[in-house]
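Asker: Please find one structure pasted underneath; my questions will follow.
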Amino acid sequence: MKVGVIGVGAVGAATVLSLIERGGMCREIVAVDRNTRRADGVAADMRYATPLSPTVDVRAGGYDALVDAALVVITAGVNEKAGGATNRSDPQGRLRLLETNAKVYADIVPRVVAVAPQAVLMVVTDPPDPLADLTRQLARHDRVFSTGTLIDSLRFRVHLAARLGVDAASVEAQVVGEHGTSEVLLWSSARVSGVPLAEALTAGDSMDELRSAIEREVRYANITIIEGNEASQFGIGIVSARIAEMVLRDERAVIPIGSYHGRFGVTLSLPSIVGRSGVIRSFEPEMSAEERQALEAGAAFLRKSESRN
């Protein structure tokens, strides 16, 4: 199968590398970028290492090279640092990038659909949820989703595991809603191998203190990463490749991922079945009254932000 990656900056290049390293899921990867020399360089650099991976052809190309692509991953656009979205006190967060990146998508999506009308479209560029709504409108089909809050859910699990002194693989916790400042961490359903979080805490630990610290760490993890490494790229690159694997292998895995929900009127993340056609079905998990109210407020926040653009 063929996968296209549009935009091979920090996130796009990390995604291509992760696709190669996961191995065996696709036979061909096409890197597309408005800077063709960059695309050529990234593809060449990675192609030289492909003899060490399962057989895969990595090459640069134009939009015409996306013909017959099963999946197209879009990472193009201005990132948080360049777009001025790294202020922890700014409630808009990544939504500051929407106006600029919507123009980028308005150019890209019709070109992709013209040559690969059957492809599933994965939106990675920030802010991914409103851009997925725009992509869905431009593509005129529903095989569109954003990477959503899968990366946030992993961050939640990692920080919880570190505080509890356990392996993150043993932690069950997820984030729903917007991939942004209004995201909702589902504390009420967090578990450690099935054990409720309150019971997993050691004596003397404060749930309020734990919650406050981790909420901040997870909600602003991207900014912390950017302050140290200029771009938040490797985690989302790995996540994008893993989601691609779910689609290409028709895994029907259930993860928190962004898709359009008529009840909310926008794209946001809920636990969803992911397979060959993208998001197949979504579920609303059990939530506390506080969490449900926060999810509704987050959806309203997204609707308002999209209406301005």
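The values are calculated or read from the model by the stated rules, or taken from the named source; none is laboratory data. What you see is a predicted model; the values in this text were computed from it and never measured. No Cβ is skipped: glycine too gets one built from the backbone with ideal geometry, and neighbour counts run over all protein chains shown.
Asker: If VAL171 meets every condition in (1) over 18 Å from THR125 (Cβ atoms); (2) touching a helix residue (DSSP H, G or I) at 6+ places or on another chain (Cβ under 9 Å); (3) surrounded by fewer than 16 Cβ atoms within 10 Å (Cβ to Cβ) apart from one, which number is that one?
Answerer: (3) is the only condition that VAL171 fails.
Asker: Okay, next question. Considering only segment 25-59, state which residues are within 21 Å of LEU248 (Cα to Cα), touching a residue at least 40 places away in the same chain (Cβ under 8 Å) and not aliphatic (A, V, I, L, M).
Answerer: The answer is CYS26, and nothing else.
Asker: Now, a different point. Which residues, counting only those in segment 1-43, are under 12 Å from GLY61 (Cα atoms) and part of a helix (DSSP H, G or I)?
Answerer: THR36, ARG37, ARG38, ALA39, ASP40, GLY41, VAL42, ALA43
Asker: I've got another one for you. For segment 93-107, which positions are surrounded by 24 or more Cβ atoms within 10 Å (Cβ to Cβ), out of contact with any helix residue (DSSP H, G or I) (no Cβ under 7 Å at 6 or more places or on another chain) and not basic (Lys, Arg)?
Answerer: Those that are surrounded by 24 or more Cβ atoms within 10 Å (Cβ to Cβ), out of contact with any helix residue (DSSP H, G or I) (no Cβ under 7 Å at 6 or more places or on another chain) and not basic (Lys, Arg): GLY93, LEU97.
Asker: Among the listed residues ASP90, ASP45, ASP40, identify the single one that is modelled with pLDDT of 95 or more and surrounded by fewer than 16 Cβ atoms within 10 Å (Cβ to Cβ).
Answerer: ASP45
Asker: Of all the residues that make up segment 55-103, how many are part of a loop (DSSP other than H, G, I, E, B), of a type in the set (Asp, Glu) and over 22 Å from ALA14 (Cα atoms)?
Answerer: 2
Asker: Anything in segment 240-271 that is among the small types (Gly, Ala, Ser) and either surrounded by 23 or more Cβ atoms within 10 Å (Cβ to Cβ) or touching a helix residue (DSSP H, G or I) at 6+ places or on another chain (Cβ under 8 Å) (or both)? List them, or say none.
Answerer: Passing the criteria: SER240, ALA241, ALA244, ALA253, GLY258, SER259, GLY265, SER269.
Residues are listed down the side, and each one gets a yes or a no for (1) modelled with pLDDT under 95; (2) in contact with a His (Cβ under 8 Å, 6 or more places away or on another chain); (3) not in a strand (DSSP E or B):
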| site | (1), (2), (3) |
| --- | --- |
| ALA231 | yes, no, yes |
| ILE238 | no, no, yes |
| GLU251 | no, no, yes |
| THR267 | no, yes, no |
| MET287 | no, no, yes |
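Asker: Going by the conditions given, is SER272 in a strand (DSSP E or B), within 17 Å of VAL144 (Cα to Cα) and not acidic (Asp, Glu)?
Answerer: Answer is yes for this residue.
Asker: I'd like to verify a number: residues in segment 267-309 that are out of contact with any strand residue (DSSP E or B) (no Cβ under 7 Å at 6 or more places or on another chain) and under 30 Å from LYS2 (Cα atoms), how many?
Answerer: The qualifying residues number 2.
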